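To start, the structure under review is shown below, and the notes come after it.
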Amino acid sequence: CLIERVINMATIQFDLVSPERKLASLEACEIQIPGSDGDFTAMAEHAPVLTTLKPGLLSVKVGNDLMEYIVTGGFVEISGSNASVLAEEALPRNEVDTSVIEGLIEKATIALEDVTADNKDDAEKRLADTKALLSLI
């Protein structure tokens, strides 16, 4: 990252875990996060944030390398020096194909059928966000 060089190689510790496994633990120069209130980028010295994730693409820049993960939801906690993502489900983008996305859509569809009227809007948005993952393949 050019910005990283300018601010003396400042990085942020990034950790990504899902119930199945730890997917990443590394020093990143920037992290693009699909927040449920809007996508945002976290870098070193980011203001503290605790928010939820929406289904989407989480991108992590490490030097000149870009790592990408498909997430289905979860939480992210950011401080000035750390970004921890606790994902409901997360997979490296290179492990995801159409059939994987279709399985995620099926889960979101089933979840929508089981929600109360109070949670229907959130479940419909989650299904729409999950369907949008198809455009990444």
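Residue-wise test of (1) farther than 15 Å from Ser18 by Cβ; (2) in contact with a His (Cβ under 8 Å, 6 or more places away or on another chain).
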residue: Ile70; (1), (2): no, no
residue: Val76; (1), (2): no, no
residue: Gly80; (1), (2): yes, yes
residue: Leu86; (1), (2): no, no
residue: Glu89; (1), (2): no, no
residue: Arg93; (1), (2): no, no
residue: Ser99; (1), (2): yes, no
residue: Leu104; (1), (2): no, no
residue: Ile110; (1), (2): yes, no
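Screening Ala44 on (1) touching a helix residue (DSSP H, G or I) at 6+ places or on another chain (Cβ under 6 Å); (2) of a type outside the set (Lys, Arg); (3) at pLDDT below 95 shows it passes everything except condition (1).
The values are calculated or read from the model by the stated rules, or taken from the named source; none is laboratory data. Being a predicted model, the structure only gives us computed values, none of them experimental. Because the Cβ atoms are built from the backbone with ideal geometry, glycine has one as well, and the counts that use them run over all protein chains shown.
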